[in-house]
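Here's the structure we're looking at; comments come further down.
The values are calculated or read from the model by the stated rules, or taken from the named source; none is laboratory data. Because the structure is predicted, anything quoted here is derived from the model rather than measured. With ideal geometry, Cβ positions are generated from the backbone for all residues, glycine too; neighbour counts draw on all protein chains shown. The accessibility values were calculated without ligands, DNA or RNA, using every heavy atom of the protein model including side chains. Shrake-Rupley method; radii C 1.70, N 1.55, O 1.52, S 1.80 Å.
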Amino acid sequence: MTSSQQKAARPSLTEGPIAKTLFVFSLPILLGNVLQALNGSINSIWVGKFLGETALAATSNANLIMFFLISAIFGISMAAVILVGQNLGAQRVQDAKKVVGTSTVFFVILSIIIGAIGVIFSPAILDLLNTPADAKTLAVSYTRIIFAGVPFMFGFNLIMAVLRGSGDSKTPFYFLLLSAVLDVALNPLLIQGFGPFPKLGIAGSALATLIAQSISFVLLVLYLYGKKYFLRLTRNDLHLLRMDWLVIKTLIQKGLPMGLNMVVVSLSNLILIHYVNAYGSEATAA
């Protein structure tokens, strides 16, 4: 593919009617947010139906922790969207790739550290949330699997940020839809153990989410490389996989203010669940 063909194939937010262009771009993002919320609600229904209120209380604690993790990287992801968009708008494709390379290394390191801390210290984290004693064992099992999937969660969010920064909001939505469908379908199969699937209880619900995210993430990467996406990192771009501290500083400076709102909301939810947990699993499940 020639450079002129690549340029023509790139999504553009600088051409056409402004209102229509922004609407078409933002609609998949809004639908994606609705889809994620709906996905979580349906999974809660599966858990409550098959495993009861104690298990539902356990997942409630774990899901609030997951929401906090997503909130923590939301601002940095949005900052990556801005940096990629700014560089592409100025026709600096190589600088946009530099942002991709640095963000990749940064997210990989961050996800491994957070995932490892979560897997090891899940019991202590749940103690801080005042998790009911009867739900704690289930919550630890669920939370550890969720933390094990953090690298896939962070990686998926990073790729979505890069695609949106280049003007493509549809592709992330399609793979988000795939992840949600897989998650909803696998939940009852792995919770109850239908057919060839093992009966894993609450761990099956968490594992369903991990499998769905992993498959969607891997397929998205394969899709982008198969399409020869212009911001993909090739062998010639391996030198860009490094910690460029100027880019990191910009990501943090731009990202923290944008992510602060979600972090405050998620923290307030964690504090709220701490007090609700004191009334037992029934109150938490409700």
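A quick yes/no check of all residues on (1) in contact with a Pro (Cβ under 7 Å, 6 or more places away or on another chain); (2) at pLDDT 90 or above:
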{"position": "Ala139", "(1), (2)": "no, no"}
{"position": "Phe154", "(1), (2)": "no, yes"}
{"position": "Val162", "(1), (2)": "no, yes"}
{"position": "Lys170", "(1), (2)": "yes, yes"}
{"position": "Tyr174", "(1), (2)": "no, yes"}
{"position": "Phe197", "(1), (2)": "no, no"}
{"position": "Gln213", "(1), (2)": "no, yes"}
{"position": "His239", "(1), (2)": "no, yes"}
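Exactly one condition in (1) farther than 14 Å from Ile146 by Cβ; (2) modelled with pLDDT of 85 or more; (3) aliphatic (A, V, I, L, M); (4) surrounded by 21 or more Cβ atoms within 10 Å (Cβ to Cβ) is not met by Ala57; state its number.
(2) is the only condition that Ala57 fails.
Return the pair list, or none, for Cβ contacts closer than 8 Å from residues in the stretch 211-237 that are under 9 Å from Phe156 (Cα atoms) and in contact (Cβ under 8 Å) with a residue 24 or more places away in the chain to residues that are open to solvent by 70 Å² or more (accessible area, probe 1.4 Å) and assigned to a helix (DSSP H, G or I), at least 6 apart or on different chains.
Sorted first by the residue in the stretch 211-237, then by its partner, the list stays empty.
Among the residues of the stretch 103-124, is there at least one that is touching a Gly at 6+ places or on another chain (Cβ under 9 Å), surrounded by fewer than 16 Cβ atoms within 10 Å (Cβ to Cβ) and modelled with pLDDT of 90 or more?
Scanning the stretch 103-124, I find at least one residue that is touching a Gly at 6+ places or on another chain (Cβ under 9 Å), surrounded by fewer than 16 Cβ atoms within 10 Å (Cβ to Cβ) and modelled with pLDDT of 90 or more, so the answer is yes.
Report, by residue number, each residue of the stretch 67-80 that is open to solvent by less than 40 Å² (accessible area, probe 1.4 Å) and either touching a Ser or Thr at 6+ places or on another chain (Cβ under 9 Å) or free of Cβ contacts under 8 Å to residues at least 60 places away in the same chain (or both).
Leu69, Ser71, Ile73, Ile76, Ser77, Ala79, Ala80 - these are the residues of the stretch 67-80 that are open to solvent by less than 40 Å² (accessible area, probe 1.4 Å) and either touching a Ser or Thr at 6+ places or on another chain (Cβ under 9 Å) or free of Cβ contacts under 8 Å to residues at least 60 places away in the same chain (or both).
Collect the residues in the stretch 219-255 that are among the β-branched types (Val, Ile, Thr) and surrounded by 13 or more Cβ atoms within 10 Å (Cβ to Cβ), keeping them in residue-number order.
Those that are among the β-branched types (Val, Ile, Thr) and surrounded by 13 or more Cβ atoms within 10 Å (Cβ to Cβ): Val221, Val247, Ile248, Thr250, Ile252.
Only one residue in Asn261, Asn277 is modelled with pLDDT under 90 and open to solvent by 70 Å² or more (accessible area, probe 1.4 Å). Which one?
Unique residue meeting the criteria: Asn261.
Which of the residues belonging to the stretch 125-136 are open to solvent by 40 Å² or more (accessible area, probe 1.4 Å), in contact (Cβ under 8 Å) with a residue 40 or more places away in the chain and part of a helix (DSSP H, G or I)?
If the condition is that a residue be open to solvent by 40 Å² or more (accessible area, probe 1.4 Å), in contact (Cβ under 8 Å) with a residue 40 or more places away in the chain and part of a helix (DSSP H, G or I), then Ile125, Leu128, Asp134, Lys136 are the ones that fit.
Could you grab me the full set of residues in the stretch 81-102 that are modelled with pLDDT of 90 or more and not in a helix (DSSP H, G or I)?
Arg92
Could you grab the pairs with beta carbons closer than 6 Å, sequence gap of 6+ or different chains, first residue in the stretch 185-203 and under 19 Å from Ile215 (Cα atoms), second one assigned to a loop (DSSP other than H, G, I, E, B) and of a type outside the set (Asp, Glu)?
These pairs meet every condition: Leu189/Phe197; Leu190/Phe197; Leu190/Leu200.
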